[in-house]
1. Only counting other Cβ atoms within 10 Å, I'd like THR11, THR85 sorted with the fewest neighbours first.
2. Counting other C-beta atoms within 10 Å, which of LEU79, LEU22, LEU36 has the fewest, and how do the rest follow?
3. Using the Cβ atoms and a cut-off under 14 Å, what net charge is assigned to the surroundings of THR85, where Lys and Arg are +1 and Asp and Glu are -1?
4. Please work out how much length the chain gains when fully extended from ALA68 to VAL55, using 0.36 nm per residue of separation minus the C-alpha to C-alpha distance, in nm with one decimal.
5. How charged is the neighbourhood of GLY29? Take every other residue with its Cβ under 12 Å from the Cβ of GLY29, and add Lys/Arg as +1 and Asp/Glu as -1.
6. Net charge within 11 Å of PHE52 by Cβ-Cβ distance, Lys/Arg positive one each and Asp/Glu negative one each, not counting PHE52 itself?
Amino acid sequence: MPPWWISQATTPQSPWVEWGHLYPDDPEGYGYQWWLVEPGPGHPYTAEGVFFQFVYVSPKYNMVIVKASAYDDFWSVPLMIEQFTAFDAIGRPSRITLDRAAFVRADPVEKYKPEQIQRLNP
């Protein structure tokens, strides 16, 4: 896909599909069959199915998530926001890593000791 087309397809094309204008309490916008999660450069966008199936694309994290499982609810804005928060957390660089040598030596059922955890960017 040409970058110009992706940019155009993931940008609202009229005022009534701008972010936050589609439904009450729904922060999304809409492009060419893509739901736009948040405004700004590198914003994530999704293809969405009823019952919360997603193809979630995050240019910011160079990541695509496909979620084929379903919820019991047809649609819910709070569940949608929770899902997007989880997707974003998956893409964010981890702030905690385990010391590799400790990981290899650790008993699989033993919990990690505080000295085996290295915190990044505290």
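1. Values: THR11 18, THR85 10.
The most exposed by this proxy come first: THR85, THR11.
2. Working: LEU79 13, LEU22 16, LEU36 22.
Going from least to most buried by this count: LEU79, LEU22, LEU36.
3. Details: positive: LYS67, ARG92; negative: GLU28, GLU38, GLU82, ASP88.
Once all neighbours under 14 Å are counted, the net charge is -2.
4. Details: separation 13, 0.36 × 13 = 4.68 nm, distance 0.85 nm.
Gain in length upon complete extension: 3.8 nm.
5. Values: positive: none; negative: GLU18, ASP26, GLU28, GLU38.
Here the charged neighbours net out to -4.
6. Details: positive: LYS67; negative: GLU48, ASP72, ASP73, GLU82.
For residues surrounding PHE52, the net value is -3.
We did not get these values from a lab; they are worked out from the coordinates using the rules stated. Keep in mind that this is a model prediction, so the values were computed, not measured. Cβ atoms come from the backbone with ideal geometry, glycine included; neighbour counts cover every protein chain shown.
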